[in-house]
Structures are given as C-alpha cells and as structure tokens.
1. Test each condition in (1) more than 28 Å from Q355 (Cβ to Cβ); (2) assigned to a helix (DSSP H, G or I) for L451 and report the one that comes out false.
2. Among residues belonging to segment 252-267 that are farther than 24 Å from G161 by Cβ and among the charged types (D, E, K, R), point out the one that is farthest from ligand 1 (Cβ to nearest atom).
3. Against the conditions (1) within 16 Å of ligand 2 (Cβ to nearest atom); (2) more than 24 Å from M139 (Cβ to Cβ); (3) modelled with pLDDT of 95 or more, where does F237 fall short? Just the number, please.
4. Within segment 141-163, identify whether any single residue is modelled with pLDDT of 90 or more, surrounded by 20 or more Cβ atoms within 10 Å (Cβ to Cβ), part of a helix (DSSP H, G or I) and not assigned by TED's automatic domain parsing to the domain that holds Q446, and answer yes or no.
5. In this structure, is E185 among the charged types (D, E, K, R), away from ligand 1 (no atom under 16 Å from the Cβ) and crowded, with 16+ Cβ neighbours inside 10 Å?
6. If you take the residues in segment 308-357 that are away from ligand 2 (no atom under 16 Å from the Cβ), in contact (Cβ under 8 Å) with a residue 12 or more places away in the chain and acidic (D, E), which one is nearest to I17 (Cα to Cα)?
7. When you go through (1) hydrophobic (A, V, I, L, M, F, W, C); (2) touching a residue at least 24 places away in the same chain (Cβ under 8 Å); (3) farther than 27 Å from A158 by Cα one by one for A391, which number turns out not to apply?
8. Being among the basic types (K, R) and closer than 20 Å to R449 by Cα narrows it down to one residue among K346, K435; which is it?
Amino acid sequence: MHNDMELGAFWGGVREIVRKMIGDDDTYSRWIQPIVPVSLKKNALLLGVADEFCAEWVKSNFQDMILSALLQAYGEKFKISYEIGHLIEAPQRAHPEHVRHSRSDVQSQRRSSDKCNPAYTFSNFVVGPENRIAYAAAMGMVDVRSSALAANPLFIYASPGLGKTHLIQALANKIREMPSQFKVEYLACEDLMNQYVDCIANKNHHVFRNRFRKVNYLLIDDIHFLSKTTNLQEEFFNTFNTLYNEGNKIILTSDKRPSEIHGLENRLISRFSSGLTVEIESFGEETKLAILKKKQLSHQIKFRDDVLHFVARNLCSDVRVLEGALFRLVAVASVENCEMSIEMAKRILGDYLEQQALKRINIESIQKAVAEFYDLRISDITGTNRSSNIAVPRMLAMYLSRTKTEKSLPEIGQAFYKNHATVLHAFRKIERERKKNETIDRALSQIERKLQSV
Ligand code: ADP
Ligand code: MG
C-alpha cells in the first residue's frame with residue numbers, strides 16, 4: 001500500500017473487528033483507538049504507538065486479536081511491528097463513549113471500569129468436563145448450597161479463549177443482581193494498574209485503599225499482569241490480606257497457575273494458591289460442538305450437524321477462533337443462499353484449517369517443547385545419556401508422544417532411536433509417576449499447554 005487514505009480505511013476495518021472482539025469500550029479506547037497505521041508493505045504492517053510501554057502492552061495483550069482480525073478480514077497472514085513516538089491526540093469528543101480518561105479522572109474510570117459485559121452470564125456459559133469444576137467453583141462463590149466449593153481465594157487459569165473473562169464477569173454480574181447488596185469490584189488487572197497509577201500520581205493512595213479493601217468480593221481478571229509491577233504487588237498483597245482476614249472473597253483468573261507466573265513474588269504465589277486453584281482445560285470435540293450449537297442460536301442461519309462436527313473436529317479450543325469460523329460460514333452462507341456442506345466449509349475455512357494443521361502436535365514438536373522446557377538440546381532428548389536430568393525429560397517426551405499423537409510404539413521408538421519396549425516402559429513409568437509426583441505432573445501440564453497454544 002498505498003496512500004494514507006487507503007491505509008486508513010484498511011486499518012479502520014481491522015480496528016472495528018478488534019473492537020468487537022474486545023467488547024469493552026474502555027479497553028478499546030485506551031489501547032486500540034490511539035494506534036496509528038504507519039505503513040503496509042506486502043504483509044508487513046507497521047503500527048505507531050505512544051511509547052515503549054504501549055508497544056509492549058499492545059503486543060502482549062492485543063497482537064493476537066489484531067492478527068486474527070486481519071486474517072478474518074483479508075484471509076491472509078500478516079506480520080506486525082511497532083514504531084514508538086506517535087503521541088496520543090486529544091480526546092475525541094464526537095464519541096463520548098470512547099473518550100479517553102485523563103489521569104485525574106478517577107471518578108469516571110471508577111464507573112466505567114466497573115462495567116462487565118451483561119452478555120456474560122452463567123446461563124449462556126456452556127459447561128463440559130473441561131470447565132465443569134471452574135464453573136461449579138464460580139457458582140459456589142454465590143450459592144450457599146454449594147458452599148463446599150466456596151474456597152477463598154478462587155484462582156481459575158486457562159489458555160486464551162477458554163472462557164476465563166466470561167466466567168469471572170458472569171460471577172460479577174450475578175453478585176450485583178443479588179438482593180443482599182454485597183459490595184463488589186470487578187476489574188481487569190490492567191485497569192487495576194491504571195487505577196493505581198492514577199491514585200499515586202494524584203497522591204491519593206487512600207482512595208485506592210478505600211476502594212479495594214472494603215469490598216465483599218474482589219474479582220480481578222488476568223492477574224498474571226501483576227508481575228509487571230513491584231509496587232502494585234506490595235499493595236495488592238496488603239489488599240489481599242485485609243480482605244481475606246475479614247472473610248471477604250477474592251476471585252482471580254490468569255493464563256497460568258500461580259507458581260508459573262514469572263516475576264510474581266513468592267508470598268503472592270502462596271496466597272493465590274491457598275484456596276482453590278482450577279484449570280479450564282482445552283476443549284474436546286463434544287464441548288466444542290456444544291459451544292458451536294449455542295453460538296449458532298444467535299445467528300439466523302443454522303448449519304447441519306455434520307458441518308458443525310467438522311468444525312469442532314478440525315479447529316482448536318479457542319472459542320474466539322470457533323466464533324470467528326462460525327461467523328465466516330454464516331457470512332458466506334447468507335450471500336450464497338444455499339445449504340452448507342462439509343466441502344464448502346473446508347473451502348471457506350481453508351486458512352483456519354491450515355493454521356490448525358501447522359499447530360498439530362507431532363513427535364518433533366513434543367521433543368522441541370520438552371527440550372525447551374528443560375533447557376536441553378533435541379539431541380539430548382533423542383540421545384542415550386542416562387543421567388536423570390536428561391533421562392526423565394526423555395521419558396516425558398515419549399509419554400507425551402504416546403498420549404498426544406496417534407503414532408504407534410515402534411514409530412515413536414524410531415523417532416527417539418530406541419525400541420518400542422523402551423517407549424512402553426517410559427510411558428508406564430511416567431503414567432504412574434504423574435499420579436504421585438507433583439513436580440512431574442506440573443511439568444507435563446505446562447508442556448501440554450504450551451503445545452496446545454503454539
Ligand atoms: P479468555 O478470557 O479465557 O481468553 P473469554 O472469556 O474472553 O476467554 O472467551 C472468549 C469468547 O468465547 C467469549 O466470547 C466467550 O463468551 C466465549 N466463551 C468461552 N468459553 C465459553 C463457554 N464455555 N460457553 C460459551 N461461550 C464461551
Ligand atoms: Mg480474558
């Protein structure tokens with residue numbers, strides 16, 4: 001591209017898709033709206049942001065969304081880089097709902113950051129074996145009948161797109177509806193950080209304290225971002241203790257379990273782990289199908305079961321991806337005005353399926369992931385060194401190859417230059433070990449999640 005106008009229009013379309021994906025005006029106007037498209041050469045998009053911090057933040061929080069919006073809009077893969085120094089313009093008065101908050105405007109942020117998406121409810125959250133415990137535990141926070149599950153704190157973790165935000169906002173919405181008038185604060189961790197920075201800048205630390213230490217329920221989404229700030233960690237530690245000691249409830253979500261959050265202080269790790277820690281696991285085909293059927297209800301067009309099965313079988317668990325795929329099928333079906341078949345779906349979802357095939361777990365990707373996890377070389381994993389710091393990772397890789405791929409024992413053996421009996425021995429040993437050895441179980445879960453989220 002192209003001239004400025006074309007580039008503006010191009011970015012405008014993408015931005016709109018991202019806005020819908022985010023679904024929260026406040027977050028959108030704070031982070032996405034100020035981005036300036038600088039250039040687009042081939043498929044390399046250069047985006048202008050204010051400073052290093054913004055670049056880092058957009059990259060780690062919104063880049064995946066922007067890439068998938070680009071894919072959705074143009075059916076192609078793009079590369080994104082950032083240029084700093086694009087200072088933010090004055091607030092746009094024409095769109096009051098998108099007005100950026102000035103630092104001192106704590107009051108208005110307070111109202112807006114309270115907001116939860118009313119569409120996120122328990123009743124439209126599809127429950128399957130992978131998220132059943134998280135769902136029950138969240139419900140347990142408000143339902144005295146299931147108080148056995150009302151642990152404090154409740155810590156829910158999962159890979160992106162598995163419903164953490166939906167679930168925690170459903171809980172916040174539910175508490176607000178209750179007649180008992182509990183005081184509740186729900187915030188995304190980035191908003192908590194903004195609030196903290198605002199209060200410090202305005203020298204009214206007590207406002208922050210009064211607000212968060214005097215609630216019955218404190219719900220923070222994406223708490224892993226806390227690791228970026230030492231001062232807020234200190235403050236949050238004290239907030240946590242005050243709430244906890246007074247029997248108030250704390251509910252947190254994260255993309256990792258507490259002990260895996262890099263840079264999180266040990267005392268917070270131990271507080272966060274002291275209640276109930278639950279994972280939402282990647283969805284199997286059944287749950288994906290149930291989600292597609294539920295999402296389909298909001299569209300005019302309905303697809304045959306075999307088409308939905310095909311989508312569920314071939315796409316990943318990230319519900320954003322499933323929704324995007326469904327959306328695209330609906331869009332095409334409404335234009336072409338004919339019944340969707342698997343063949344058509346295959347053609348329409350070509351790039352999604354391609355991405356999926358690339359992600360598919362195979363022995364090589366397992367060997368690589370295990371080697372990276374233990375800081376070894378792949379040749380160590382496939383070699384013969386028997387010292388335990390190498391032999392155990394090797395057995396884990398064999399175990400994962402057996403559980404995560406369709407390969408036979410001899411085929412796995414070949415990939416490790418061993419015979420099938422060695423693979424079987426490793427598999428059985430790790431299967432036993434995993435049940436009683438927490439370190440091994442944790443390592444495996446972490447590697448499995450990494451493999452699924454590549
Ligand atoms: P996360 O916070 O884990 O990245 P979100 O909660 O933002 O994921 O979920 C992404 C999208 O998928 C949202 O539109 C949400 O409503 C939907 N979603 C996720 N899990 C479920 C579920 N179990 N049932 C229905 N919709 C879901
Ligand atoms: Mg989320």
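1. (1)
2. Taking segment 252-267 and keeping what is farther than 24 Å from G161 by Cβ, we get 265-267.
Okay, now just the ones that are also among the charged types (D, E, K, R), so 265, 267.
On the way: E265: 24, R267: 26 Å.
Filtering segment 252-267 for residues that are farther than 24 Å from G161 by Cβ and among the charged types (D, E, K, R), the one farthest from ligand 1 (Cβ to nearest atom) comes out as R267.
3. (1)
4. Within segment 141-163, none of the residues are modelled with pLDDT of 90 or more, surrounded by 20 or more Cβ atoms within 10 Å (Cβ to Cβ), part of a helix (DSSP H, G or I) and not assigned by TED's automatic domain parsing to the domain that holds Q446.
5. Working: among the charged types (D, E, K, R): yes; away from ligand 1 (no atom under 16 Å from the Cβ): yes; crowded, with 16+ Cβ neighbours inside 10 Å: yes.
Answer is yes for this residue.
6. Checking each candidate, the answer is D351.
7. A391 satisfies every listed condition except (2).
8. Details: K346 fails: closer than 20 Å to R449 by Cα.
Checking each option against the conditions leaves just K435.
The values are calculated or read from the model by the stated rules, or taken from the named source; none is laboratory data. Quick caveat: nothing in here was measured; it's all calculated off a predicted structure. Backbone-built Cβ (ideal geometry, glycine too); neighbour counts: all protein chains shown.
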